[in-house]
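Rule-based calculations on the coordinates, nothing more; no lab input. Note that the coordinates shown come from a computational prediction; the quantities given were computed from them, not determined experimentally. Neighbour counts run over all protein chains shown; Cβ positions are idealised from the backbone, glycine included.
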Amino acid sequence: MRGLARLAWLQNRVLTGYLGVGLALLSFLLAAPIGPIKDGVLQFVQDSPFLQKMIAALMGMDLGGALTVKLLVGGTWGHPFLLACMLGFAIVSAARFPAQEVEQGHIDLLLSAPVGRSRVLLAHVIVAWACLGLLHLITLGAFWLGCVPLGADAPRVTEMFPLAGSLFITAIWMHSAATLLSCRGSTRAAVAGPLIAFGLWSMVVGYLRPFVHAAEVVAPLGLLHYYRPGTIMQSGLEWWGPTVLLGCSAMFYGLAFRVVRERDLV
Amino acid sequence: MVPLTNVSVCFESVHKSFGQRIALDDFNLTVERGQVFGLLGPNGAGKTTTLRLLLGLLKADSGQLHALGRPCWEQSVELKKRIGYLSADTQIYPWLTPLEALKLFSEIRGDDLTAPGLILCERLSLEPGLRVRHMSRGNRQKLGLVLALVHRPELLVLDEPTSGFDPLVQSVFAELVQERTIEGATVLLSSHTFEEVNRLCQTVAIVKAGKVIVQDALEELRGRAARRVTIVFQGDVPEDYPAGLETTTLSEHKLGGQWRGDTGPLVEWCGEKSVRDLEISPPLLDDAFLEFYR
């Protein structure tokens, strides 16, 4: 198992490294500049209903005139780039086994060793979770540093953990769906294509929700319906969203392990 | 019937299809322990599918497959501890070097294979520090061979192994195969090169359209293969030439044709005639195999 986990880590380390640096910079830079100009920014946003709706769209909540500095910086956790990086990493790492191995022809070498397919898949899943966890911790750390200039207005660490945890569970859902597609397909495109389309659909529906009523109706069919950073910051973690995502993930992983045991790997 | 304890690989009525395309149909094969066994056939005949079924990469639709006394699909993990496999066009992670690959696969196999691996690298003139992304196809194939041989497998499965090897490496490869068979290993190799099979194998199966159409000792096949014969007479060509001689060219003093089997009767007949020159080629294996292919 250690050897398989090392192989999975060797495959993921470069992307994890680059994304870690990118996400640290992003979360720090989105939070840090608000400190010195927080009152001006808050006044500016409160004077603009459109901007309020934009922030509400990013945060997945109804502001109802209750915009605070804490919620403003919390927008970092709903930033499209952050979501794209986390969900994108989940897709890429899940596509490595078996889809990418089959596509690039490494599968013959890997499975000529005395290892079971389920074991290889398990090693990849564990390493992907570890990498995703690391990326979330890096983002959390950089966000906390960026919030230091806010002083008393900064979100507390206890408020940040549910945010990171909720995003982590959303990324796990994406990883489970990608793992299932990877176990059924033989190319990375077969994994990434449908999930990128679904991710974009989720973002569009999620961000249009405050502006278009029809988007609210179809929102449960998108991923962002179950990840609402603003609501978490305002009223704490609502368990139903992560529970739905974790339930689906468990089902997808179960199916993936079953499929990979039985399929032809060519 | 070969006793089961002497059998390394046994396929019985195996069927495998990919959608509408039938890859193997009622496929039967028996490979005895300690043999170098050649699987010969044109592209798309089912050779690689056979080897992948053996490795448990594919699941047969029906039939029985056993290797080293174990079912290939159900016990593939246990089986692969004793099998070494080299694919036709070995693809290895481009960021690895041979040394790193040996360390990684040592960890995966749970046995330190670095030292014997480096000895094999040296014999094959493979630089241990060269990244796979900078390797030629031949060097990649060498690394694949090192990884297939390093754990001293009882069954060596090689899919068109020498494609990409230069003649020097081919001779090292032949030595390595010979050493392994002396140690008691069985070698099953697929090829579409007659010369490779002729040089290495003791037994051959010819595969065509997913079926084994002939399986025999190479010596037997050689014996059945035709030889090219040219006889030049002092005078006119006699009319009573032996029945086994299939004439292809006939002139006033010269007779050309093909002869199958033991050449004794032909030489004897020539001795009775006033022959100026007699030329008999070695058995035309290529032609024999091509006959099966058609």
Region A:125-151-region A:194-266 distance, computed between alpha-carbon centres (Å): 21
Spin-label pair A:ARG184/B:GLU268, simplified geometry with 7 Å Cα→Cβ offset, distance in nm: 7.3
Computed E for B:ASP287/A:ARG258 - FRET, C-beta separation, R0 56 angstrom, nearest 0.05: 0.65
Cα coordinate range in the protein assembly as shown, projected on the principal axes (Å, largest first): 120, 50, 45
Within region B:232-280, GluC sites (Glu not before Pro) in DSSP loop having at most 13 other beta-carbon neighbours inside 10 Å: B:GLU239, B:GLU252
Cα-based equivalent ellipsoid, region A:1-80: semi-axes from gyration tensor eigenvalues, Å: 37, 14, 8
Unsatisfied cross-links (Cα-Cα over 32 Å) in the set B:LYS80/B:LYS142; B:LYS211/B:LYS254; B:LYS47/B:LYS254; B:LYS16/B:LYS81; B:LYS103/B:LYS211; B:LYS208/B:LYS273: B:LYS211/B:LYS254; B:LYS47/B:LYS254; B:LYS103/B:LYS211; B:LYS208/B:LYS273
Hypothetical label at B:ARG133: residues of region B:74-105 whose amide nitrogen lies under 12 Å (7 Å Cα-Cβ projection): B:93-97
Folded to 0 to 90 degrees: helix A:240-262 orientation relative to chain A principal axis, Cα: 10
Rough spin-label spacing in nm, given labels placed 7 Å along Cα→Cβ, for A:GLN43 and B:LEU168: 8.1
Ellipsoid equivalent to chain B - semi-axes via the Cα gyration tensor, in Å: 43, 23, 16
Where trypsin sites (Lys or Arg not before Pro) fall in DSSP loop in region B:1-99, at most 11 other Cβ within 10 Å: none
In sequence order, calculated HN-Hα J values of region A:12-24 (Karplus, 6.51, -1.76, 1.60; Hz; x Gly/Pro): 9, 5, 5, 5, 4, x, 4, 5, x, 5, x, 6, 5
Computed E for A:ILE126/B:LYS81 - FRET, C-beta separation, R0 22 angstrom, nearest 0.05: 0.40
Amide H partners (placed H, <5 Å) of B:ARG260, local residues excluded: B:ARG227
Whole-number percent relative contact order across region B:44-158, with pairs defined as alpha carbons under 8 Å at least 6 apart: 32
Helix A:157-184 axis, angle to chain A major axis (alpha carbon atoms, nearest 10°): 30
Selected from B:HIS192, B:THR247, A:ILE91, residue furthest toward positive end of dipole (the protein assembly as shown; charges at beta carbon): A:ILE91
Rough spin-label spacing in nm, given labels placed 7 Å along Cα→Cβ, for B:GLN178 and A:LEU15: 4.8
Nearest-ten-degree value, helix A:49-59 long axis tilted from longest Cα axis of chain A: 30
Under 20 Å from B:LYS59, Cα to Cα: aspartates and glutamates that are on another chain or at least 8 residues apart: A:GLU101, A:GLU103, A:ASP108, A:GLU262, A:ASP264, B:GLU12, B:ASP25, B:ASP26, B:GLU74, B:GLU78, B:ASP159
Nearby lysines by direct alpha-carbon distance to A:LYS70 (threshold 20 angstrom, same-chain neighbours under 8 apart not counted): A:LYS38, A:LYS53
